[in-house]
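Have a look at the structure below before the remarks.
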Amino acid sequence: MAVIAVTGKGGTGKTVISALLIHFLSREKSLLAVDADPDSNLPDALGVKPRKTLGEIREVFQVSRDDMGTMNKEQWLEGKVYGEAITETDSYDLLVMGRPEGEGCYCFANSLLRGVLRRLMRHYDVIVIDTEAGLEHFSRGTISGADYIIVVTDMSKKGLATARRIKDLSQELKLNFRKIFLVGNRIMDGMGEEEIRKFADEGGFELLDLLPYSEEIARLDLRGDPITKLDENSEYAVKVKKIAYRLVGDSNG
Amino acid sequence: MADRKKIEIPEDVKKIESVGEEEDFPFDISPMYEGERIRKGEMYVELGGTEQPGFELVMALPAEEVEDMKVTIVGPDLEEMEEGKAYPYAMIYYVAGSQVETDLEPVIERRNHDFQNYLEGYMHLNQRYDIWIRLGKGTVKKGLKSLGQIAKATMMLFKNELPFIEKIEAVYITDAALVEKVLNEVAMPIYEERDARVEALHDEDVDEFYSCTLCQSFAPTNVCVVSPDRPSLCGAISWFDGRAAARVDPEGPNRAIPKGELVDEIGGEYTGVNEFAKEESGGEYERVKLHSFFEYPHTSCGCFEVIGFYMPEVDGIGWVHRGYPDPAPNGLPFSTMAGQTGGGKQIAGFLGVGISYFRSKKFIQADGGWYRVVWMPKELKERVAKYIPDEVRDKIATEEDAKTIDELREFLKKADHPVVKGVVRPVDGKKITEGWVEEEAEEEEVVEEAAEAPAAQPAVQPVQPMQAAPQMPFALPQLPQLQLPASQPSGGVRLVIKDAKIYIDKIIIKKPEEKKKGGK
């Protein structure tokens, strides 16, 4: 099992990259896609209609738990996650974490979910998690760690600053990652390229690749079409495919 | 009690029987298969689930009735099933052993989930009448032919892992009519009986309680003790959950607490709980009474769903839940009270509880239970209304009846709430409060606070419900150990405070001439 967390400042294109990684990797591997960014739209990018979110199930649990009698609550939650939250597509499974919890205490619900997710995740070859930069689900422990962290940045200073924060946070949270990568996205000129190379060098990131601005993606976005419709022979798709194979190769070796 | 007897199998339904242990299984058996999800595309058949009825049931029977390691398949077996389809499914186990009792049935039954998930290519989800099974194509290809093999492997695991099971027999049913019939006539009454037992199970019926330290990162000295009559403060963990968690991970956040000796039956004090509290709070607390509001109450973590607060002006207890945004009659909203009480403190006068504690037969029984409750938000009251004794239900005010102490006092007087004339606690018939004193003292609304007061002024104890009368000399009950130095009777000051809401974190009163020895 290899857990790949794709993160970065909002708007840098991490969901596009996540979706393409999922699209390519699921052809060869059993894969679980996790949308761990309440603001993102990974299911849209994948062209998948999601079922219930984990957050919705947790809310149902909070209101119905008093009437469960001697029923086992962990098994109840597991049944809901497997039966109502996981969306099966032809080539992979998708789990949407949903909105953060409301008022009240979620210690027990989260503790049970942690166990359920840990047992679920170990059965996939690859797990791709699209996560917001605050890494909330990691800090809460609902997702226990990541082997690879891919930080997506554009040419903006803010994107790079967020990348640095994510690296600090991942170390603080003891995610036990094997590698932290940087991907430059929508890089339009040599200056941006140079800037990002320098940043990766100094910040201790391994630079995976620099992806160009893609008009085709902008068009897909505008129409609300899934990113997975991107022409596989386009420069962008070829580069992401290369990243995908590289990660899988890495996890095998 | 619902009858425990073997299922009658109609003559006209096909059945296959097999007795004895299996040598080899065409599938691997290991805990590493737990959590394995069989996807629709990899599925050979689905059993139970959303499309077909299904259930699982364990019944304890006398040893002579159970034929060890026998399995009976009633209805079509795997080879007669069509790939990709869903079928009805019942798994019934008869178990026997000198220690096997009816009480253990649900405990054993829950393990069916664990053991069946050890089987490669077999996904078991949910419980009771909700079970959902998927069998993988891969395992069928590897040679799985009959559900009997599944039953034999499961029974083997039951006997290995739970050695108190001396004999076990399985009946698996896939015949639709029979699954429905046994579910309705046999299984449902047993499930209902179990749920009824939850209400009937009390602290005195068990040997162990369970701890919960999930919150200790926020509340380091919090010691949640979960007993049959007292669920966790967050409302999430019942005694049954504690037991389930402790069995899976005995060193985890939910550990068994041996009860030890009973110290105070009414307050719910046990030596085992006290020892545990001392240990887990780092020595901060030495005693905890599970069903007491005033004396050594349970600590409050910060996760609690509801907070109880004592109102000395009416000598009664109010409750407010997290979702109620307005101030309670004591002038404080939930958040303020929670802020003062949370963090694992033991504070006489405030108590955090889970909503399900209102269902408890021992609900703050040492302090009068429901007969001491004077106020709660309407939403909360409606949620727990059926657990309130008829006698007092209408006498407990909501925000529609009273928003302030004055309004509350009026309401209680009109309703003739027990606190007005004195509360007799139902548990032993003892009169525990005196009731309100004469009208005059009340209407004056004088709070006497004594600084360097005459020695006649008694030292104020944190909260003594017995003396809690409307003119109690302090406004908020959380004042910790306020001890006034008994000073010389000269030059006393009389403070009259009207309509004041006082919040005091700490009062330090020192004699000016003896600075170093001053009380604190």
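Remark: B:HIS291, B:HIS202, B:HIS113, A:HIS137 ranked as B:HIS202, B:HIS113, A:HIS137, B:HIS291, counting other beta-carbon atoms within 10 Å and listing the fewest first.
Using Cβ point charges alone (K and R +1, D and E -1), the dipole size of the stretch B:1-143 about the Cα centre works out to roughly 600 debye. When +1 charges are put on Lys and Arg Cβ atoms and -1 charges on Asp and Glu Cβ atoms, the dipole computed for the stretch A:3-70 relative to its Cα centre reaches about 280 debye. Placing unit charges on the Cβ atoms of the charged side chains and taking the dipole of the stretch A:2-252 about its Cα centre, the candidate lying farthest along the positive direction among A:ASN41, A:SER111, A:LEU247 is A:SER111. Close amide H pairs (under 5 Å, H built 1.01 Å from N) link B:HIS202 with no residue at least 5 positions away or on another chain. Pairs of Cα atoms nearer than 8 Å and 6+ residues apart set the relative contact order; for the stretch B:205-421 it is 19 percent. For the stretch B:9-134, the tally of Lys pairs with Cα-Cα distances below 21 Å comes to 5, considering only residues 8 or more apart or on different chains.
The alpha-carbon of B:LYS289 sits under 16 angstrom from the alpha-carbons of these aspartates and glutamates, leaving out residues fewer than 8 places away in its chain: B:ASP203, B:GLU204, B:GLU208, B:ASP229, B:GLU261, B:ASP264, B:GLU265, B:GLU269, B:GLU275, B:GLU279, B:GLU280, B:ASP367. Along the Cα-to-C-beta direction of B:LYS145, a point sits 7 Å from the Cα; which residues of the stretch B:74-96 have their amide N less than 20 Å from that point? Backbone N within reach: B:74-83.
Positive end of the charge dipole of the stretch B:137-257 (Lys, Arg +1 and Asp, Glu -1 on Cβ, about the Cα centre): tell me which of B:ALA170, B:ASN222, B:HIS202 has its Cα farthest that way. The listed residue farthest towards the positive side: B:ALA170. Could you check how many percent of all C-alpha pairs in the stretch A:2-252 are farther apart than 29 Å? Here the tail beyond 29 Å accounts for 29 percent of pairs. As a calculated quantity, the FRET efficiency between A:TYR213 and B:SER217 at R0 = 35 Å, using C-beta atoms, amounts to about 0.20. Here the label points at A:ARG178 and B:MET32, each 7 Å from Cα along the C-beta direction, are separated by 1.7 nm in the simple model. Between A:GLY192, A:ILE149, A:ALA161, the Cα set farthest toward the positive side of the dipole of the stretch A:94-205 (charges on each charged residue's Cβ, about the Cα centre) is that of A:ILE149. Note on the stretch A:98-197: with charges restricted to the Cβ of Lys and Arg (+1) and Asp and Glu (-1), its dipole about the Cα centre is near 400 debye. At a Cα cut-off below 16 Å, give the lysines reachable from A:LYS52, other chains included and same-chain residues fewer than 8 away excluded. Result set, ordered by chain and number: A:LYS80. When you restrict to C-alpha pairs under 8 Å that are six or more residues apart and normalise by the size of the stretch A:135-253, the relative contact order lands at 20 percent.
Left without a cysteine partner by the 4.7 Å Cβ rule in the protein assembly as shown: A:CYS107.
Rg and Dmax of the protein assembly as shown, based on Cα coordinates, read 31.6, 101 Å. Once Rg and the Kirkwood radius are both taken over the C-alpha atoms of chain B, their ratio Rg/Rh works out to 1.12.
Counting only Cα atoms, the stretch A:191-238 measures 38, 18, 15 Å along its principal axes, largest extent leading.
With neighbour counts taken as other beta-carbon atoms within 10 Å, the residues B:THR139, B:THR154, A:THR153 rank, fewest first, as B:THR139, B:THR154, A:THR153. Sorted fewest first by neighbouring Cβ atoms within 10 angstrom, B:HIS321, B:HIS298 come out as B:HIS321, B:HIS298.
For the stretch B:95-125, GluC sites (Glu not before Pro) meeting the loop criterion (DSSP other than H, G, I, E, B) and having at most 10 other Cβ atoms within 10 Å: B:GLU101. Could you work out how far the C-alpha centroid of the stretch A:167-226 sits from that of the stretch A:1-56, in angstrom? Each part reduced to its Cα centre gives a spacing of 16 Å.
Between the helical axis of A:235-252 and the longest alpha-carbon principal axis of chain A there is an angle of about 60 degrees.
Every number here is computed from the coordinates shown, using simple stated rules; none is lab data. All of these numbers come straight from a predicted model, not from anything done at the bench. For neighbour counting, all protein chains shown are included, and Cβ atoms are generated from backbone atoms with ideal geometry for every residue, glycine included.
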